[in-house]
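Encoded as C-alpha cells, the structure appears first; notes follow it.
The values are calculated or read from the model by the stated rules, or taken from the named source; none is laboratory data. The shown structure was predicted, so the numbers you read here are calculated from the model rather than taken from an experiment. All Cβ positions, glycine included, derive from the backbone under ideal geometry; neighbour counts span all protein chains shown.
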Amino acid sequence: MTAVVEMRDITMAFGTNQVLKGIDLDLEPGKVTALLGANGAGKSTLIKVLSGVHNNYGGTVLIDGAAVHLDHPTTAQSYGIEAVHQKIADGVVPGLSVAENFLFEDIVNNRISRTASMRSILPRSKEVASILSLDWPDDVMRSDIFELPIADQQLLLLARSLVHEPRLLILDEPTSALSDSEAQRLFTVIRRLRDEGVAILYVSHRLQEIDAIGDRLIVLRDGVIRSDHPQPFDWADALHQMLGEAEATSDDDRGEQRGTDDVLCLSGVQLLDESVPFDISFRSGEVAGVFGLLGSGGSELALGMFGADPFVGGEMTLNRKPFAPKAPADAIAQDVYMVPEDRVAGTIIKNWSIAHTSTFPFLRDVSRFAVMNWRAEDKVGSSVIDEFDVVAQSPHDPVISLSGGNQQKVVVGRWLRMNPTVMILNEPFQGVDVGARRDLANKAREVAAAGSAVIVMSTDLGEIMQVSDRVIVLADGDLRHDAYLSETSREEILSKLTEVE
C-alpha cells in the first residue's frame, strides 16, 4: 500500500540540541499509527515538522511519492495534513464566539467577511459542528469561546480539522480533556475515518487507548524510532524501548533506607474522575518514588498533597493529625514543601538572583519588622551554592542565567535546606544532565536519612530506580504497585503498566 506521507532521514535541532536524529516513517491510508514516547522523546517536534510549524528540518518529506517542503501550516493543509495539537489554547481564538471559532479559517482567508453577522454565520458553523454531532444551542454558539468547557473546545478543534477532509490526521493527546463517553465518541469517529482511508497519527500516553484503536505502534526515544509493532502489541518490549535500560544507582552500595513512622497518610484518595480510590502512607527516613507515564495521576497526587489542587476525593493526615491544605501556603506552614514540574513557570522569577530565589518562601528568616536583611539573604544564597555545588559566580547571579541543571539545584536546594517534614519533588530531574541528576538524587537521600519523608514523581523509570528506596506505580490514577526496590524488579514494575484493563 502506498503511503500518504513518507519521512526520510528527518532531523531537527534547536541550537546544539539535536531533537530528531534521522526519522524514517511511512504513514499509510486506512491505518491508525500510534506514537508512544516519554517526555523529551521528540514526539511534539515530529508532529510540528509534519504540520508545517517547524520548517527548518533536515531530510525529505514525500507526499504520494513526490518530495515537498512543509514550510508553513497552510502548506501542510494544502497537502491534506491536518493536526489537532495538545495545547487547546493554541487553536482557539479568545474574544471570538464559539461559532466564529468553528469558522475561523474561513474568516481569516476572507471566505467569510469579518463583519458578517452572527445570524449569517450560525448555519455554516452548525454544519461544521454536526461533523461530530455537536448539537449545541444558539446561545452556546454565540457565547465567547472561553465560556466553553475545555473538553468541548477540544471537540470544536477536531470538528474544524475534519471539514477539510484530511488525508493525514494528526491527533496529539486528543482525549486529555475528554470524559470517557466523549473519548468513546472520538474513537467512533477515528474508526470511521480509518475505514474511509484516512491515515491517522495518534499520539497518546494512555496504553488502553492505543491498544483499542491502534493498528501499529511506533516507539520514539531520544529522537530515534526504537521499535515498530503490529497488533497485537508487545507492551513489555514497547515500554522497554520507550524507557530504555535502568541506569545504575548513584551508589551501588548505598543501602536501602526503610522508614518506620508513617508521616503523611492518604485515605480513600481518588486522583482522576474515573480512577479507583486508594490508601497510601509516606514514611520518614525513606525516598518513595512515584512512577507512571504522563497522565497517570502523579501530578494530581503531588498537587493534592501540596494543597495546590484538591483531590477528587479522600482525606489526609500529617503526623496523625488532619491535614487539609486549602493552598500551598497552608502546606508550607506545616513544613510540607514541593518543587513543581515546571521550574521556570512555577518557581523562577525573571532577573531574580540566586539569593532572592533561595529565600523567597522564607522571607521571615532573613528580615525583621518587614525590613530585609540583605547580608542574611546573601548568606543563604551562598549556602545553597556551596551545599548543592551550583556553578555560579556569586549569590547575586540571576538564576535564569544558569544552566538547566544549576537552576534546578537552586530551586530544590532552597527547600531541602529547611529540613522538611515532607518533600515532594515533581519531575526534579527534567532537563538536567546526568551529573546534576546524581547530585540532586544524593541530596534527596541525605534529607530522607535525616528524617524527612521524600516523595519523587517521575515518568522516567531509570530516575526512579536511581533515587528511590520504595517504588509506587500509578496508571490511569490507580495504584498498581507499592514495594521496596529490593523486593521488586524493573520487569515487575513495567508489567504493572502493561496491565491493560
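The numbered conditions (1) at pLDDT 85 or above; (2) in contact with a helix residue (DSSP H, G or I) (Cβ under 7 Å, 6 or more places away or on another chain); (3) of a type outside the set (S, T, N, Q); (4) surrounded by fewer than 24 Cβ atoms within 10 Å (Cβ to Cβ) are all true for Val456 except (4). Beta carbons closer than 6 Å, at least 6 apart along the sequence or on distinct chains, pair a first residue in segment 435-446 that is of a type in the set (A, V, I, L, M) with a second that is not in a helix (DSSP H, G or I) for Leu440/Pro428; Ala441/Ser250; Ala444/Val287; Ala444/Val454.
Any residue that is in contact with an Asp or Glu (Cβ under 6 Å, 6 or more places away or on another chain) and not basic (Lys, Arg) - is there at least one of those in segment 320-333? Checking segment 320-333: not a single residue is in contact with an Asp or Glu (Cβ under 6 Å, 6 or more places away or on another chain) and not basic (Lys, Arg). One residue is enough: does segment 459-477 have a residue meeting the conditions basic (Lys, Arg), more than 22 Å from Gly307 (Cβ to Cβ) and at pLDDT 80 or above? Scanning segment 459-477 turns up at least one residue that is basic (Lys, Arg), more than 22 Å from Gly307 (Cβ to Cβ) and at pLDDT 80 or above. Can you confirm whether segment 86-109 contains a residue that is in the same structural domain as Ile225 (by TED's automatic domain parsing), surrounded by fewer than 21 Cβ atoms within 10 Å (Cβ to Cβ) and under 24 Å from Met242 (Cα atoms)? Yes, there is a match, as at least one residue in segment 86-109 is in the same structural domain as Ile225 (by TED's automatic domain parsing), surrounded by fewer than 21 Cβ atoms within 10 Å (Cβ to Cβ) and under 24 Å from Met242 (Cα atoms).
Does any residue of segment 356-371 turn out to be more than 18 Å from Phe429 (Cα to Cα) and modelled with pLDDT of 75 or more? No, segment 356-371 contains no residue that is more than 18 Å from Phe429 (Cα to Cα) and modelled with pLDDT of 75 or more.
Kindly indicate whether Asp9 is over 23 Å from the mean Cα position of the chain (by Cα) and surrounded by fewer than 16 Cβ atoms within 10 Å (Cβ to Cβ). The answer is yes for Asp9. The strands (runs of 3 or more DSSP E) located wholly in segment 1-101 that include 2 or more residues which are touching a residue at least 12 places away in the same chain (Cβ under 8 Å), in contact with a strand residue (DSSP E or B) (Cβ under 8 Å, 6 or more places away or on another chain) and within 29 Å of Ile213 (Cα to Cα) occupy 5-14, 17-27, 32-36, 58-63, 81-84.
Determine if segment 277-299 includes at least one residue that is part of a helix (DSSP H, G or I) and either under 20 Å from the mean Cα position of the chain (by Cα) or farther than 28 Å from Ala177 by Cα (or both). Yes; the residues of segment 277-299 include at least one that is part of a helix (DSSP H, G or I) and either under 20 Å from the mean Cα position of the chain (by Cα) or farther than 28 Å from Ala177 by Cα (or both). Taken together, Gly30, Gly80, Gly59 contain a single residue that is more than 26 Å from the chain's Cα centre (by Cα), under 27 Å from Gly244 (Cβ atoms) and at pLDDT 90 or above, which is Gly59.
The one condition from (1) modelled with pLDDT under 95; (2) buried (at least 19 other Cβ atoms within 10 Å of the Cβ); (3) not acidic (Asp, Glu) that Val53 does not meet is (2).
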